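Single-structure report; data block below.
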Amino acid sequence: MDTSTLTALNEMFSEVTQKTDWRAALDMLFVSLRGEFVFDNVAVYLLDPQTKGLEVIYARAVGRGKTAEADAAWGESAANQVLATGRVTMHEPKKESGETDRLTLAHLLGLPLKIGARLSGALVFIRFGGPQYSKLHVSLASLQAFWASSLIERRDLQEARTELESIQRQMRLQDDFVSTISHELRTPLGFIKGYSTSLLRQDTTWDKETQLEFLTIIDEEADRLTQLIDNMLESARLQSKTLQFKFSPLRLDALVRDVTTRVKMYHRDLDVNLDFEKIPPIRGDGVRLSQVFENLFNNAIKYAPGSRLSIVMRFKDAKLEVAFADQGEGIPEDYLPFIFERFYRVPGENGTTGTGLGLYICKQIILAHHGKIWAESVVDKGTTFFIQLPADPFL
Ligand code: ADP
């Protein structure tokens, strides 16, 4: 090997290390050495520890027979052989076959991929029509296999770290949830207990109007408690995927109008502007979809008090799109990505009650309809929730 090859190797490896995306790093690793080591296709096979089957995690065609990129079956038997022997394998086409079509003269080179000390997969190169792999080629390919293994290991570590971070965040949220939920349960219970004790006092008599007022509060707080417990149960069922949905044809425009009318019975001053295009019926679970809009209304009332609300509905490309907008204080950009997570509440919502379950429930319901929900928000301008639903989630 000469100095220029070593310099090229050195430069290439330092660039590969800097790539954060593992596929881009593998691309660079294989393509930049083609000056020294020619091949037409390359594929990386990993052994699935559970199924014991081979999985193609990366394939690239750079020369002849480019279609092989999509289907990396060409290297499977070479990969299996590498895994069976743990060694470099080479397949050269038989010379005496008299074949002249280069694409049928496949030279295969298979190399073991080791993650830690464990044989985890194989790297396979194919070269059509030769030349045969020289010793230098095998050494270069072995170096690439070594680097590919460490890039795959780095990918696995990154994935494990992301998962761990998400679990840690969930655990923190659950810790907070215990204190939130005990507060949330205590508040209505406190009202119920307080007003019923007052009504039962022997030493005081209450006029009819006051009695009615106390009983109304007790009634409303009992409803709030029921809703809270329902939400908790529902979110647990949604998480364990045991909540049943009943799909049937429905009109979302009529459903949202009904929800709006119901909400306005309790909040007479609420200013809601509905702007609906002509909407065809869709298939959905009416009870659950009503719940989504009830949650959005409850949030708007809580977090954007006094704001005008606007609901726009359109039908485009067999999809229904709803935009539910308020003109409240908005949600700072840093918190926006998390609001659909279970138990998540934006820090500083001290004045409001809540459990961080509402939007999580909304998202799970929309996902069960194969739809999408997301939010855009501008601080001091307002928040808009967008929902996209397919006309028929089963098509
Ligand atoms: P909860 O209302 O019980 O806290 P949600 O899951 O319904 O839980 O909402 C999560 C968080 O998103 C809320 O704590 C709130 O900070 C924020 N949020 C939701 N809707 C709005 C809105 N319309 N405007 C501003 N913030 C909102």
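List the residue pairs whose Cβ atoms are under 8 Å apart, where the first residue sits in region 301-327 and is open to solvent by 60 Å² or more (accessible area, probe 1.4 Å) and of a type in the set (S, T, N, Q), the second is more than 12 Å from the ligand (Cβ to nearest atom) and assigned to a loop (DSSP other than H, G, I, E, B), and the two are 6 or more positions apart or on different chains.
327/308
Quick check: is even one residue across region 171-191 assigned to a helix (DSSP H, G or I) and in contact with an Asp or Glu (Cβ under 6 Å, 6 or more places away or on another chain)?
Yes, there is a match, as at least one residue in region 171-191 is assigned to a helix (DSSP H, G or I) and in contact with an Asp or Glu (Cβ under 6 Å, 6 or more places away or on another chain).
May I ask you to say which residue of 391, 375 is more than 9 Å from the ligand (Cβ to nearest atom) and either within 15 Å of residue 337 (Cβ to Cβ) or over 22 Å from the mean Cα position of the chain (by Cα) (or both)?
From the options 391, 375, the qualifying one is 391.
A quick yes/no check of all residues on (1) of a type outside the set (Ser, Thr, Tyr); (2) surrounded by 14 or more Cβ atoms within 10 Å (Cβ to Cβ); (3) touching a residue at least 40 places away in the same chain (Cβ under 8 Å):
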position	(1), (2), (3)
200	yes, no, no
205	no, no, no
212	yes, no, no
219	yes, no, no
252	yes, yes, yes
274	yes, no, no
292	yes, yes, yes
298	yes, yes, yes
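Where residues in region 330-350 are under 20 Å from residue 386 (Cβ atoms) and among the hydrophobic types (A, V, I, L, M, F, W, C), which of them is most open to solvent (accessible area, probe 1.4 Å)?
Looking at the filtered set, the residue picked out is 338.
The values are calculated or read from the model by the stated rules, or taken from the named source; none is laboratory data. None of these values were measured; they are calculated from a predicted model. All Cβ positions, even for glycine, are placed from backbone atoms using ideal geometry, and neighbour counts span all protein chains on display. Each accessible area value is taken on the protein alone, full model and side chains, heavy atoms only, with ligands, DNA and RNA left out. Shrake-Rupley method; radii C 1.70, N 1.55, O 1.52, S 1.80 Å.
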